[in-house]
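Q: One structure, pasted below without further comment.
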Amino acid sequence: MGMDSSSLNNAAAARKKRKRIGRGPSSGTGKTSGKGHKGQKARAGYTKVRGFEGGQMPLHRRMPKRGFNHQDRFPLAIVNVDTLDAAFEAGAEVAPDILGEKGLVDFRRGGVKILGRGEITKKFTVRAHAVTASARAKIEAAGGSVKLIEIPENSSKKIAQED
């Protein structure tokens, strides 16, 4: 006899039957339907909430709060003078938008600050929102100049630059 679609059968245990719970004591899953006795987990609509401790005040709410974020203070993107010395040619103008294009800083709401780590051997015209005293001294000792830019009020993405 040849093989045709009427002679096809499923492989053994290929289709598992759904367990019918709550269908009497003889089924083995009657009465409480495998949910144990009473309690929140036995009720319909139960979902476990992260951090829930059965009504007890959760640990994350028992711990004291720490820290303070000042509403008028914003983080600064920082770059050191040795980084400027390595990334720019002598006589170049260093500004926040140029630093961003070169990938030396991620723009922050507070602006760009130049720090004084390392040595500088080239002359630069630096425009930044903040400069440390040591960085200013090193830039000016190398023959460069420093001009401060006002920190923008409402910029969260890109730092506006003064013309």
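Q: Condition first: assigned to a strand (DSSP E or B) and more than 16 Å from Ile78 (Cα to Cα). Now tell me which residues in the stretch 120-141 satisfy that.
A: Listed by number, the list holds a single entry, Thr125.
Q: Let me ask something additional. Could you look through the stretch 20-41, keep only residues that are of a type in the set (D, E, K, R) and in contact with a helix residue (DSSP H, G or I) (Cβ under 9 Å, 6 or more places away or on another chain), and pick out the one that is nearest to Phe52 (Cα to Cα)?
A: The residue in question is Lys35.
Q: Follow-up. Scan the stretch 107-130 residue by residue and report those that are touching a helix residue (DSSP H, G or I) at 6+ places or on another chain (Cβ under 8 Å) and among the hydrophobic types (A, V, I, L, M, F, W, C).
A: Answer for the stretch 107-130, where residues must be touching a helix residue (DSSP H, G or I) at 6+ places or on another chain (Cβ under 8 Å) and among the hydrophobic types (A, V, I, L, M, F, W, C): Phe107, Val112, Ile114, Leu115, Ile120, Phe124, Val126, Ala128.
Q: Residue under question is Arg117, and the condition is that it be assigned to a loop (DSSP other than H, G, I, E, B), without any contact (Cβ under 8 Å) to a residue 12 or more places away in the chain and either basic (Lys, Arg) or closer than 23 Å to Ser134 by Cβ (or both); does it hold?
A: no
Q: Among the residues of the stretch 11-19, is there at least one that is modelled with pLDDT under 90, of a type outside the set (A, V, I, L, M, F, W, C) and on the phi > 0 side of the Ramachandran plot?
A: Within the stretch 11-19, not a single residue is modelled with pLDDT under 90, of a type outside the set (A, V, I, L, M, F, W, C) and on the phi > 0 side of the Ramachandran plot.
Q: Within the stretch 1-28, track down each residue that is within 30 Å of Ala44 (Cβ to Cβ) and either touching a residue at least 24 places away in the same chain (Cβ under 8 Å) or part of a helix (DSSP H, G or I) (or both).
A: Once the filter is applied, which keeps residues that are within 30 Å of Ala44 (Cβ to Cβ) and either touching a residue at least 24 places away in the same chain (Cβ under 8 Å) or part of a helix (DSSP H, G or I) (or both), the stretch 1-28 yields Pro25, Ser26, Ser27.
Q: In this structure, is Gly36 modelled with pLDDT of 90 or more and farther than 30 Å from Ala142 by Cα?
A: Criteria met by Gly36.
Q: Does the stretch 46-62 include one or more residues that are in contact with an Asp or Glu (Cβ under 9 Å, 6 or more places away or on another chain) and among the aliphatic types (A, V, I, L, M)?
A: There is at least one residue in the stretch 46-62 that is in contact with an Asp or Glu (Cβ under 9 Å, 6 or more places away or on another chain) and among the aliphatic types (A, V, I, L, M).
Q: If a residue must be within 21 Å of Arg109 (Cβ to Cβ), exposed (fewer than 12 other Cβ atoms within 10 Å of the Cβ) and of a type in the set (Gly, Ala, Ser), how many such residues does the stretch 58-91 contain?
A: 1
Q: I've got another one for you. For His37, state whether it is assigned to a loop (DSSP other than H, G, I, E, B) and farther than 30 Å from Ile151 by Cβ.
A: So His37 passes the test.
Q: Same structure, new question: Filter the stretch 46-104 down to residues that are at pLDDT 90 or above, assigned to a loop (DSSP other than H, G, I, E, B) and among the basic types (Lys, Arg) and give me whichever is nearest to Lys147 (Cα to Cα).
A: Checked the stretch 46-104; the qualifying residue nearest to Lys147 (Cα to Cα) is Lys102.
Q: Tell me which residues, restricted to the stretch 46-57, are among the hydrophobic types (A, V, I, L, M, F, W, C) and surrounded by 10 or more Cβ atoms within 10 Å (Cβ to Cβ).
A: Phe52
Q: Count, please, the residues in the stretch 114-138 that happen to be surrounded by 18 or more Cβ atoms within 10 Å (Cβ to Cβ) and either of a type in the set (D, E, K, R) or on the phi > 0 side of the Ramachandran plot (or both).
A: So the answer is 3.
The values are calculated or read from the model by the stated rules, or taken from the named source; none is laboratory data. What you see is a predicted model, and the numbers here were worked out from it, not measured in a lab. Counting neighbours? That spans all protein chains shown, and the Cβs are built from the backbone with ideal geometry, glycine included.
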